[in-house]
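Here the structure comes first, spelled out in structure tokens, and everything after it is commentary.
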Amino acid sequence: MKLNLKRPLAFFDLEATGINIGVDRIVEISIIKLHPDGSEEVKTWRVNPEMPIPLESSLIHGIYDEHIQNESTFGALAPLVAEFLANSDLAGFNSNKFDIPMLMEEFLRVGVDFDLDDRKFVDVQNIFHQMEQRTLKAAYQFYCQKDIINAHSAESDTRATMEVLLAQVERYENKEWEDKKGNRSIPVVNHVEGLHKFTNLNRPVDFAGRMAFNDAGEEVFNFGKHKGKRVEDVFNIEPSYYSWMMQGDFPLYTKRKLESIYKRWNDKRKTERQQQPAQPKPAVPAPKAEEAKPTQQKPYQKLNNQQQLFKKPEEPAKPVNEDMLKLLADKFKKG
């Protein structure tokens, strides 16, 4: 079927370092520009995000740091992207919530003027969700071909939920499913352990999703400036982050799980300190033989200049003779 277009419609998708629009960066952008005559133009760019790509993100889109280290930055590519999208409306899957805001953030960051005012936006995910409603009523009708009687009463909704699950297990028995990494499996199985795994693919530590488990089973932060970092590593470099979260507006269950991780981390630190061998105190060197002798008083004391000035002669006095008497008489005689 051919779309009725008045101007080009650009379908595009972004791969990024994460999903935090204000922090994360684009690592790949692909655009299919569909023209009114049905012809297509396709452009794909790999982008150096100028920051490390978290392993959790690389495992999803398959782009690792070594793949983009020699690629151009978005600042260099932005004029080309803006020119290719000129005079086009935009379309994507979840594009209104992620791709368009992320793209605009990148344009604004590098100072490229990309005007959205006169464009139309088509989010294919919204069509899917709105036409195929994701309510319990819609699920009950879809899987059980029945309408809920006394909808929104607790017991009726609970029973409908139970019947939907039973119908899902029967409907998807032996049905293959492919995840974002291309792995195939049969996830809807007739035991709770398998159903738990399939319905918790994001592997949250807390129900609010502020923390999640990485592939190694370690807790990592799932938001903010430390997104993707191990919780214990953040405690090592910024212990005050724990206090900030405990005093902040986070769910109580999130705080409980964070407190449990902090206690484990703190206990580990105490154990490590106790296991470290005690450092011996430096020995005080014994005094040398000559230093051990008490200081002896010198047999004489050096006189200062004033004392030397009035020092009495030590030689014996000369006997008085006539010449001396004559000198004295001359000195004291009256004139």
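In the stretch 1-88, which trypsin sites (Lys or Arg not before Pro) are in a loop and have at most 12 other Cβ atoms within 10 Å, using DSSP for the loop call? Mind dumping the intermediate values first?
Working: sites: LYS2, LYS6, ARG25, LYS33, LYS43, ARG46; in loops: LYS2, LYS6, ARG25.
Taking the stretch 1-88 and a limit of 12 other Cβ atoms within 10 Å, the loop trypsin sites (Lys or Arg not before Pro) found are LYS2, LYS6.
Shape call for the stretch 1-127 from the C-alpha gyration tensor, a ≥ b ≥ c root eigenvalues: rounded (a/c under 1.5), prolate (a/b greater than b/c) or oblate? In terms of gyration-tensor shape, prolate. When the chain is modelled as a GNM with alpha-carbon springs shorter than 10 Å, which of ASN202, ASN222, ASN174 fluctuates the most? Comparing ASN202, ASN222, ASN174 in a Gaussian network model of the chain, the most mobile one is ASN174. Shape analysis of the chain places it in the prolate category; the axes a ≥ b ≥ c from the Cα gyration tensor give an a/c of at least 1.5, with a/b above b/c.
Take every pair of alpha-carbon atoms less than 8 Å apart whose residues are at least six positions apart; their mean separation over the length of the chain yields a relative contact order of 9 percent. Note on MET104, MET162: ascending count of other Cβ atoms within 10 Å places them as MET162, MET104, the fewest first. Quick one: net charge of LEU201's neighbours, Cβ under 14 Å, K/R +1, D/E -1? Once all neighbours under 14 Å are counted, the net charge is 0. Under a Gaussian network description of the chain, with springs only between Cα atoms under 10 Å, the residue in LYS197, LYS281, LYS255 that fluctuates furthest is LYS281. Comparing ASN214, ASN150, ASN96, which has the greatest mean-square fluctuation in the GNM of the chain with Cα pairs linked when under 10 Å apart? Highest fluctuation among the options: ASN150.
If you sort the three axes of the alpha carbon gyration tensor as a ≥ b ≥ c, you get a/c of 1.5 or more for the stretch 133-200 and a/b above b/c, which makes it prolate. For the stretch 33-102 versus the stretch 129-157, the spacing of their alpha-carbon centroids is 38 Å.
If we count other beta carbons within 10 Å of each Cβ, what is the order of GLU219, GLU71, GLU193, fewest first?
Numbers: GLU219 21, GLU71 17, GLU193 8.
The order, fewest Cβ neighbours first, is GLU193, GLU71, GLU219.
The GluC sites (Glu not before Pro) of the stretch 93-172 that meet both conditions, a loop assignment by DSSP and at most 15 other Cβ atoms within 10 Å of the site Cβ, are GLU132. From least to most packed, judged by other beta carbons within 10 angstrom and beginning with the fewest, LEU59, LEU85 follow the order LEU59, LEU85.
Only the coordinates and a few stated rules stand behind these numbers; no lab work does. Quick caveat: nothing in here was measured; it's all calculated off a predicted structure. Backbone-built Cβ (ideal geometry, glycine too); neighbour counts: all protein chains shown.
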